Amino acid sequence: ARITLRQLLDHAAEQGYGVPAFNINNMEQGLAIMEAADVVDAPVIMQASRGARTYANDIMLAKMIEALAEMYPHIPLCMHQDHGNNEATCLSAIQHGFTSVMMDGSLKDDAKTPADYDYNIAVTRRVVDAAHWVGASVEGELGVLGSLEHGAGEQEDGHGAEGGLSHDQLLTDPDQAVDFVARTKVDALAIAMGTSHGAYKFSRKPDGNILAMHVIEEIHRRLPGVHLVMHGSSSVPQELQDLFNASGGEMPQTWGVPVEEIVRGIRHGVRKVNIDTDCRLAMTAQFRKVAQNAKSEFDPRKFLKPAMDAMRDLCRERFELFGTAGQA
Ligand code: G3H
Ligand code: 13P
Ligand code: NA
Ligand code: ZN
């Protein structure tokens, strides 16, 4: 059954678990997530970026979600707009059956240029008002994450950095978070806590203290009713990089966010954990493997089925490790 982000994350907070939010662009990814959720009895957040909506078409996505909800009526399903850039993106998502939207006002509506605080508050508040009139939830974002386009740059300590900003400047200010939530009334808040988007987060193996746990704890202590969202939460597993490269890929060595770090975040108020890169890598490593091992194969299903299975297994593991399993 359909559920809003607010309903799902209120339950997650009560029970102390986190929910992975997996990006989808096509039927195979939707099926993979639902199969995994069904096996372990987990509630689901699926999210579509603006790029996903352009790729698949809004009508196709809407009917797909309807089909998935009908196939798995016992699984709570939240459909969320990832990184909405303005009011039109968010409201048209709700029109197409999304139960939740992210208004990312940390960037201007070009989705590139950092926006000022007053702009972020004003645009987010407008989306919250409209979404709440029709029963949808809203996630806001406060703080500078690694670039959506280029991933984060790298500092010598292996921590991602964006445009020469220091590690501290990349972290959300707790005082500002309190003010932002009071003035926008968002249901969930994405904060900058040391992660960045994409595969290239860290240039060396993280030492186990990559998340700004003090910032997470402080914001959670002062805003206990607000659900924290962690973007850039792919772990970029070594075995997936190895399979990709053993199958003719040329992906430079990289490190993501260790799953144990995400679990620590969940203990301190992180409820929604955004994962896209890991799913992409799990699927594409299988495409490469089939292409390399079965050079005469031309049935797309022979590529897509192992890719789907690999994504399903990855999703299942995240549901189990984040405590989502058994909560449907
Ligand atoms: O945060 C961005 C997500 O990974 C979506 O990426 O815009 O290429 O669909 P995309
Ligand atoms: P990853 O690139 O780490 O998977 O992050 C995805 C994300 O934050 C989507 O909003
Ligand atoms: Na999002
Ligand atoms: Zn994101």
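Quick one: is T195 within 16 Å of ligand 1 (Cβ to nearest atom), surrounded by 19 or more Cβ atoms within 10 Å (Cβ to Cβ) and of a type in the set (S, T, N, Q)? Answer is yes for this residue. Counting the residues of the range 30-47 that are farther than 22 Å from E261 by Cβ, out of contact with any Leu (no Cβ under 6 Å at 6 or more places or on another chain) and within 16 Å of ligand 3 (Cβ to nearest atom) gives 2. Residues being among the aromatic types (F, W, Y), within 16 Å of ligand 2 (Cβ to nearest atom) and over 22 Å from D109 (Cα atoms) are represented in the range 21-28 by at least one member. Does E87 qualify as being away from ligand 1 (no atom under 15 Å from the Cβ), farther than 12 Å from A130 by Cβ and surrounded by fewer than 19 Cβ atoms within 10 Å (Cβ to Cβ)? Judged against the criteria, E87 is not a match.
In the range 76-105, the residues that are away from ligand 4 (no atom under 14 Å from the Cβ) reach residues that are among the small types (G, A, S) and part of a helix (DSSP H, G or I) with C-beta atoms within less than 7 angstrom, at least six apart or across chains, in these pairs: L77/A69; C90/A131; L91/A130; I94/A131; H96/A62; G97/A62.
Filtering the range 241-263 for residues that are within 16 Å of ligand 4 (Cβ to nearest atom), surrounded by 14 or more Cβ atoms within 10 Å (Cβ to Cβ), among the hydroxyl-bearing types (S, T, Y) and touching a residue at least 12 places away in the same chain (Cβ under 8 Å) leaves an empty set. Against the list (1) assigned to a loop (DSSP other than H, G, I, E, B); (2) surrounded by fewer than 21 Cβ atoms within 10 Å (Cβ to Cβ); (3) within 16 Å of ligand 4 (Cβ to nearest atom), the condition R280 fails is (1).
Of all positions in the range 108-117, at least one carries a residue that is part of a loop (DSSP other than H, G, I, E, B), more than 16 Å from ligand 2 (Cβ to nearest atom), in contact with a strand residue (DSSP E or B) (Cβ under 9 Å, 6 or more places away or on another chain) and of a type in the set (S, T, Y). Listed by first and then second residue, the pairs linking a residue in the range 305-327 that is within 17 Å of R280 (Cβ to Cβ) to a residue that is outside any loop (DSSP other than H, G, I, E, B) and of a type in the set (D, E), with Cβ atoms under 7 Å apart and 6 or more places separating them unless they lie on different chains, are A307/E28; M308/E28; R312/E35; L314/D278. Determine if the range 210-228 includes at least one residue that is within 16 Å of ligand 4 (Cβ to nearest atom) and of a type in the set (A, V, I, L, M). Yes, there is a match, as at least one residue in the range 210-228 is within 16 Å of ligand 4 (Cβ to nearest atom) and of a type in the set (A, V, I, L, M).
Considering each residue of the range 245-264 in turn, at least one proves to be farther than 24 Å from H197 by Cβ and part of a helix (DSSP H, G or I).
For the range 32-54, filtering for residues that are in contact (Cβ under 8 Å) with a residue 60 or more places away in the chain, surrounded by fewer than 21 Cβ atoms within 10 Å (Cβ to Cβ) and closer than 14 Å to L77 by Cα leaves 2. The single residue among G249, G265 that is of a type in the set (G, A, S), more than 16 Å from ligand 1 (Cβ to nearest atom), modelled with pLDDT of 95 or more and under 23 Å from Q81 (Cβ atoms) turns out to be G265. Looking at this structure, is R288 farther than 25 Å from R204 by Cβ and out of contact with any Ser or Thr (no Cβ under 7 Å at 6 or more places or on another chain)? In short, no.
Count of the range 149-202 residues, restricted to those that are hydrophobic (A, V, I, L, M, F, W, C), assigned to a strand (DSSP E or B) and at pLDDT below 95, is 2.
The values are calculated or read from the model by the stated rules, or taken from the named source; none is laboratory data. Because the structure is predicted, anything quoted here is derived from the model rather than measured. Every residue, glycine among them, receives a Cβ derived from its backbone with ideal geometry; neighbour counts consider all protein chains shown.
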